[in-house]
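The values are calculated or read from the model by the stated rules, or taken from the named source; none is laboratory data. Keep in mind it's a predicted model, so treat the numbers as computed, not measured. Positions of Cβ are backbone-derived with ideal geometry, glycine not excepted, and every protein chain shown enters the neighbour counts.
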Amino acid sequence: MNAGDRAQLINKIVSCVADYRENEIPRVDSTRVTAWLEQFEENDQPVVLAETERMLSKTYISRASAKSFIDALVMSKKVTGDDPAAFWRSAGFLRLQSASQSQGDMLVLLEEVLADKFQLNTSSQDSTASVYIYLDDLSFSGNQIKNDLLNWAKEKNIREATVYVIVIGLYTYGAYYVTRELKKEFDGRKINFKIWRKLRLEIAPYTSKIQKYFGRHTFRMSPTSNSGKPRSPLIRTILGHDLLTERQAQLYSRPNRVGKE
């Protein structure tokens, strides 16, 4: 890889993640990406750089893209029926994630859209029509969705209601698991629930060169810009504050080893 190609890929990464956790951490720039890249063996750097850019281009969702998804949902007759203003005015907006910012961040985006279109906010968790909105950015197993909603329904003794689960991305198995588990409790309570997602994610075998270096868990991350909490040290280091530890750098630079956190 020549210097021009290297610089171009670095600039693509910088552009791709430009709004990641904006106003929370310093913006990722070319200096940071270069420092991150140079932790790896020189011969490995072209593959690391090219595959990181490719993966981020496919998995990273900007704030604007997430807001566009919500904007379309707010006006979708499949969700709201013929009167979207009345639907959103009567809905309750659930805040059930105490340890995660992602739900709050998604509710901020929804409130921006609702305020613009209907002068509404998302402050109330109560509903005048027994319709509730559960928002999140990304779900892998579906466990958090299931646990949050089951605990909420039991604690509040919710019955004869409708819950809309709205996420940017949800794995197919996660959707199946959530549906199966919630039905066990919700059917008896006469609670209907519907899942809306921007991305239908599948677990597929990695075929790219990156598997040789980092293993299949390397890019397991939330794609949202502000609330994403990448689970892999490799991605956390390029988007967060810290460089790889010496141990992690050795691990990720060793062929045929699966990266462990």
**Study point:** Scan of segment 40-94 for residues that are within 28 Å of residue 3 (Cα to Cα) and more than 22 Å from the chain's Cα centre (by Cα), ordered by number
**Key:** 40, 41, 42, 43, 44, 45, 46, 47, 48, 49, 50
Study note, to complete from the structure: Just one listed residue, out of 173, 164, is surrounded by fewer than 17 Cβ atoms within 10 Å (Cβ to Cβ) and either out of contact with any Asp or Glu (no Cβ under 6 Å at 6 or more places or on another chain) or part of a strand (DSSP E or B) (or both), and it is 173
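Yes/no per residue for (1) in the same structural domain as residue 144 (by TED's automatic domain parsing); (2) among the acidic types (Asp, Glu); (3) closer than 30 Å to residue 145 by Cβ:
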{"site": "11", "(1), (2), (3)": "no, no, no"}
{"site": "38", "(1), (2), (3)": "no, yes, no"}
{"site": "77", "(1), (2), (3)": "yes, no, yes"}
{"site": "84", "(1), (2), (3)": "yes, no, yes"}
{"site": "110", "(1), (2), (3)": "yes, no, yes"}
Review point. Can you pull out the residues in segment 47-77 that are of a type outside the set (Ser, Thr, Tyr) and touching a Cys at 6+ places or on another chain (Cβ under 6 Å)?
Key: 56
Revision key, fill the gap. So the helices (runs of 4 or more DSSP H) completely within segment 1-120 holding 3 or more residues that are buried (at least 17 other Cβ atoms within 10 Å of the Cβ) are 3-16, 30-37, 45-59, 63-74, 84-90, 102-118
Point to revise | In segment 54-77, residue modelled with the lowest pLDDT [restricted to those that are within 26 Å of residue 89 (Cβ to Cβ), of a type in the set (A, V, I, L, M) and in contact with a helix residue (DSSP H, G or I) (Cβ under 9 Å, 6 or more places away or on another chain)] | key: 66
Practice item. Take residue 129 and decide whether it is assigned by TED's automatic domain parsing to the domain that holds residue 166, hydrophobic (A, V, I, L, M, F, W, C) and not in a helix (DSSP H, G or I). Key: yes
**Study point:** Check on residue 83, within 30 Å of residue 123 (Cβ to Cβ) and without any contact (Cβ under 8 Å) to a residue 24 or more places away in the chain
**Key:** yes
Exercise for review: Quick one: count up the residues across segment 27-49 that are touching a Leu at 6+ places or on another chain (Cβ under 8 Å) and touching a residue at least 60 places away in the same chain (Cβ under 8 Å).
Suggested key: 5
**Study point:** Failed item, numbered, when residue 212 is tested on (1) modelled with pLDDT under 80; (2) under 17 Å from residue 95 (Cα atoms); (3) more than 24 Å from the chain's Cα centre (by Cα)
**Key:** (2)
